[in-house]
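Peer 1: The structure under discussion is supplied below as structure tokens; questions concerning it will follow.
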Amino acid sequence: MNKHILKALGCILVILLLGACKSDPPVVKDDDKKVVTPTKKKPHAKVPRFNRDSAYAYVEKQVAFGPRVPNTAAHTACKNWLVSKFNSFGAEVIEDDFDAKGYTGTIYKATNIIAQYNPGHAKRILLAAHWDTRFIGDYDKDTAKQKDPIPGADDGGSGVGVLLEIARVLGENNIDMGVDIILFDVEDQGEGKGAEASWCLGAQHWSKNPHVPGYRNEFGILLDMVGSKGARFTREGGSMAVAPQVVNKMWKLAKNMGYGNYFVMDQTREIIDDHYFVNRMSNTKMIDIINRPANTQTGFGHYWHTHDDDMDVINKTTLRAVGQTVLAVLYRSSDGSF
Ligand code: AHN
Ligand code: ZN
């Protein structure tokens with residue numbers, strides 16, 4: 001073959017290759033096409049991102065006020081800050097002031113803080129935590145410190161921190177549903193091994209006096225001690241008694257999101273917490289996300305009701321596992337896919 005013919009063949013090859021690049025995509029035959037059925041379902045809502053640094057900062061801020069024991073200056077200062085945060089996140093806020101009598105005879109000047117999103121919407125979910133902290137560290141190893149109030153970073157602070165971050169997200173990402181966030185007061189001033197009714201006075205007050213007459217919702221979720229490293233959220237007996245489907249769906253969702261190490265399927269006995277009274281005294285069915293470690297004396301964290309319940313206990317990854325799961329429950333409920 002002479003070099004002219006070779007050159008010509010080379011040119012043809014280049015042209016063919018270039019042509020192949022520009023050619024139309026293969027025609028799809030009719031019988032290859034997928035059958036697409038038109039769907040009238042509500043489109044899936046995007047689940048916004050929960051910022052764990054933000055939640056952590058909200059816990060830190062509360063702890064910085066000092067113990068949030070009712071009838072103290074720190075309690076009042078923290079209340080004003082909480083209300084201002086909810087307002088800045090676009091919620092409709094109610095401060096429900098009431099007097100509550102503690103088991104010691106003390107009259108507490110107490111306030112439940114209620115932050116409402118889309119107050120006119122008939123379909124609602126309620127989220128709750130307690131914002132007060134315990135007036136004594138009665139489980140502290142150091143007997144000299146058992147009469148002093150505790151920092152309450154996890155017990156009180158963590159649930160509120162997660163709910164504040166959820167409020168911030170709700171303010172920035174419209175949701176087609178109503179959401180109510182209640183911060184109960186005077187949860188933690190009860191008598192150790194004493195009368196059940198000495199606990200959760202704010203939840204008892206709200207159950208008897210809901211912020212809206214005839215108030216209704218789909219269900220409620222209580223967050224209590226949701227911030228410690230390696231927390232174990234079991235399926236708690238009281239929650240399983242009133243709303244087993246909600247618990248099972250939520251725990252399954254958490255597992256699918258990668259949080260199965262936190263949301264475990266083990267079942268534990270019912271505990272006295274805000275949901276206990278809400279479930280008995282109101283028509284809300286409330287579940288409890290609460291840390292139940294497997295191997296402690298009390299059944300709660302080793303730091304529980306001691307002076308060790310400080311920022312060292314708080315873990316950002318745990319805060320996010322809870323906050324991101326609750327956000328998924330909310331936005332999926334709004335489009336009917338929870
Ligand atoms: C019991 O003492 C069994 N429950 C109290 C509920 C509680 C206290 N949650 C946080 N602090
Ligand atoms: Zn407590």
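The values are calculated or read from the model by the stated rules, or taken from the named source; none is laboratory data. Computed from a predicted model, the values in this text were never measured in an experiment. Cβ placement follows ideal geometry from the backbone for every residue including glycine, while neighbour counts extend to all protein chains displayed. The area values use the complete protein model at the heavy-atom level, side chains included, leaving out ligands, DNA and RNA. Shrake-Rupley method; radii C 1.70, N 1.55, O 1.52, S 1.80 Å.
Peer 1: Based on alpha-carbon atoms only, what is the radius of gyration of the stretch 206-338 relative to the globular estimate 2.2 N^0.38 Å?
Peer 2: Here the Cα radius of gyration is 1.07 times the empirical estimate.
Peer 1: Keeping the other protein chains in place, figure out the carbon and sulfur percent of the accessible area of the chain, with a 1.4 Å probe.
Peer 2: The computed percentage sits at 53.
Peer 1: With only alpha-carbon pairs counted, each pair once and no self-pairs, how large is the Kirkwood hydrodynamic radius of the chain in angstroms? List each step's numbers first, then the result.
Peer 2: On the way: mean 1/r = 0.0458 Å⁻¹.
Kirkwood hydrodynamic radius for the chain: 21.8 Å.
Peer 1: I'd like to compare 218-229, 327-338: which one has the highest average count of other Cβ atoms within 10 Å, and what's the full order after that?
Peer 2: 218-229, 327-338
Peer 1: Taking the Cβ of Asp53 as the center, what net charge do the other residues with Cβ under 11 Å away carry, scoring Lys and Arg +1 and Asp and Glu -1?
Peer 2: Taking every Cβ under 11 Å from that of Asp53, the sum is +1.
Peer 1: Continuing with the same structure: Any of Lys61/Lys147; Lys42/Lys316; Lys255/Lys316 with alpha carbons more than 29 Å apart? Name them for me.
Peer 2: Details: Lys61/Lys147 24 Å; Lys42/Lys316 34 Å; Lys255/Lys316 18 Å.
The pairs that break the limit, which is 29 Å between Cα atoms, are Lys42/Lys316.
Peer 1: Here's something else I'd like to know. I'd like to compare 279-288, 136-145, 246-255: which one has the highest average count of other Cβ atoms within 10 Å, and what's the full order after that?
Peer 2: Final packing ranking: 279-288, 246-255, 136-145.
Peer 1: Moving to a separate point now. Filter the cross-link list Lys79/Lys123; Lys141/Lys193; Lys41/Lys252; Lys46/Lys229; Lys79/Lys229 down to pairs whose alpha-carbon distance in this structure exceeds 20 Å.
Peer 2: Lys79/Lys123; Lys41/Lys252; Lys46/Lys229; Lys79/Lys229
Peer 1: Here's another thing I want to ask about it. Quick one: what are the phi-derived ³J(HN,Hα) couplings along the stretch 89-97, Karplus 6.51/-1.76/1.60 with θ = phi - 60°, whole Hz, x for glycine and proline?
Peer 2: Per residue, the Karplus-derived 3J(HN,Hα) values read 8, x, 7, 8, 9, 10, 9, 9, 7 Hz.
Peer 1: Based on Cα coordinates alone, diagonalise the gyration tensor for the stretch 163-268, multiply each eigenvalue by 5, take square roots, and list the semi-axes in whole Å, largest first.
Peer 2: Each semi-axis is the square root of five times an eigenvalue, giving 24, 22, 15 Å.
Peer 1: A follow-up question, please. Can you tell me which of 292-303, 163-174 comes out highest on packing, and rank the rest after it, using the mean Cβ neighbours within 10 Å?
Peer 2: 163-174, 292-303
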